[in-house]
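A short worksheet on the structure shown next.
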Amino acid sequence: MKYYSKYYAKIGFFILGLSVVGLIIINSPKYNFYNKKRTAKVTDSKYNLKNLTPQEYEITQNEGTEAPFTNKYWDNKKEGIYVDTVSGKALFSSKDKYMSGSGWPSFTKSINQDEIKTKKDNKLNSERIEIHSQSAKTHLGHVFNDGPKEKGGKRFCVNSASLKFIPLSQLKQKGYEQYLKLFGNKNSADSAAKNKNFDFKNQNKNSAKTETATLAGGCFWGVEHLLKKLPGVISSQAGYIGGTTENPTYKSISTGLTSHAEAVQIVFDPQKISYKEVLSYFWRLHNPTELNRQGPDVGTQYRSAIFYHSELQKDLAKKSLAEFDNSGVFKKKVVTQIIKTSTFYPAEEYHQDYFKKNTGLVCHTVRDK
């Protein structure tokens, strides 16, 4: 991690320059999407775009993307449907929503497939499939082929700003009575109406057991920063594992002679997020094809590894690795180690929750896939 200071120092002025240029561009009349006199792409007068917030307008009309894990519906677990924020057309159901680990609302299918229009998107120098609504041409997000196989294999990754959530208890009142059938008989809806705080998916959450996952993916500052944001993660800790000496320190493992890896250990609620979903997110937050390094950080302490805590975790890890390896995200093969867990030594206090204590660029980002 000592490489980061030098690395960011070298690119600091470059980033500052880009920032200045960016501010000039987005504040120019041509590119200022937040200008009150903006011109709508949708010309149908029945859609009142003036009611959209600046963020909603940027995302729905200019194909923008909101930040993961901080948007409105990414971890919404309430029963109901999601409609187009522009047209009000029903698009998705909470019955098909799942925690993909991406930080955006994710669904396995649409409840109104005629309203979903797709087109190719090559903005990131790789082909993706963008999704828009048919009636209002609202930009929704993207659809990927890495969803749960048992539910069709699709992942509709949607911006919260493109959606409006209609709770089950309000479907009839809001004119969406036809979708009550998705949630069983009418009595279930009436029950929900009487108790608006009733959480169908967490009726037995008091009996939930916890599970532990230990993962290494480069600098543990960034890995912990991202893993702790996952829904269902109860605690996280940066530390050292997989070495040959006892009671390692940051100084000793930095020599590369102790064989320890910088790792993060999380305790999570499997009723809220599965081990499989944790692994899916793990692949996306680092490059598992880099051997003994991540970006500018070089050394065995920065290797990619999964330390399993049970035979079930071992089997799931092997299967998850094979699926990711065959996904074609990277041309090179995955080099992630799958090893039985050993003594985990918590790192020094100043390493814990590092980016909450220190401002600056985070050393890991999450890919779409």
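The values are calculated or read from the model by the stated rules, or taken from the named source; none is laboratory data. Everything numeric here is computed off the predicted structure, so don't read it as measured data. Note that each Cβ is placed from the backbone with ideal geometry, even for glycine, and that neighbours are counted across all protein chains shown.
Restricting to segment 267-307, what's the tally of residues that are within 19 Å of residue 224 (Cβ to Cβ), part of a strand (DSSP E or B) and of a type in the set (A, V, I, L, M)? Going through segment 267-307 one residue at a time, the tally reaches 3.
Picking from residues in segment 299-336 that are among the polar types (S, T, N, Q) and more than 23 Å from the chain's Cα centre (by Cα), the one that is nearest to residue 146 (Cα to Cα) is 310. Going by what's in this entry, would residue 369 be described as within 21 Å of residue 153 (Cβ to Cβ) and in a loop (DSSP other than H, G, I, E, B)? Taking the combined requirement at face value, the residue satisfies it. Scanning segment 324-338 for residues that are surrounded by 14 or more Cβ atoms within 10 Å (Cβ to Cβ), at pLDDT 95 or above and part of a loop (DSSP other than H, G, I, E, B) yields a total of 3.
Residues considered: 40, 90. Of these, the only one that is at pLDDT 90 or above and either touching a strand residue (DSSP E or B) at 6+ places or on another chain (Cβ under 7 Å) or not assigned by TED's automatic domain parsing to the domain that holds residue 111 (or both) is 90.
Rundown of residues vs (1) touching a residue at least 12 places away in the same chain (Cβ under 8 Å); (2) aliphatic (A, V, I, L, M); (3) in contact with a Cys (Cβ under 6 Å, 6 or more places away or on another chain), yes/no style:
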{"residue": "335", "(1), (2), (3)": "yes, yes, no"}
{"residue": "339", "(1), (2), (3)": "yes, yes, no"}
{"residue": "342", "(1), (2), (3)": "yes, no, no"}
{"residue": "346", "(1), (2), (3)": "yes, no, no"}
{"residue": "349", "(1), (2), (3)": "no, no, no"}
{"residue": "357", "(1), (2), (3)": "no, no, no"}
{"residue": "364", "(1), (2), (3)": "yes, no, no"}
{"residue": "368", "(1), (2), (3)": "yes, no, no"}
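Considering segment 349-367, the residues that are surrounded by 12 or more Cβ atoms within 10 Å (Cβ to Cβ) and at pLDDT 90 or above include one that is nearest to the chain's Cα centre (by Cα), namely 352. Selection of first residues in segment 207-227 that are acidic (Asp, Glu) and of second residues that are part of a helix (DSSP H, G or I), restricted to Cβ pairs under 8 Å at least 6 apart or on distinct chains, gives the following pairs, ordered by first then second residue: 211/275; 224/354.
Do any strands (runs of 3 or more DSSP E) lying entirely in segment 76-182 carry at least 2 residues that are of a type in the set (Lys, Arg), and which ones are they? Outline the logic, then answer.
Working: elements: 80-84, 90-93, 116-121, 128-133, 139-144, 155-158, 163-167.
In segment 76-182, the matching strands (runs of 3 or more DSSP E) lie at 116-121.
Whenever a residue of segment 77-98 is polar (S, T, N, Q), its partners that are in a strand (DSSP E or B), lying with C-beta atoms within less than 6 angstrom and at least six residues away or across chains, give the pairs 85/163; 85/164; 93/81; 94/80. Filtering 369, 332, 340 for residues that are farther than 30 Å from residue 130 by Cβ and out of contact with any Pro (no Cβ under 9 Å at 6 or more places or on another chain) leaves a single hit, 340. Would it be correct to say that residue 209 is surrounded by fewer than 19 Cβ atoms within 10 Å (Cβ to Cβ) and closer than 14 Å to residue 364 by Cβ? No: the conditions fail for residue 209.
Selection over segment 131-149 of residues that are under 21 Å from residue 281 (Cα atoms) and in contact with a strand residue (DSSP E or B) (Cβ under 6 Å, 6 or more places away or on another chain) gives a count of 6.
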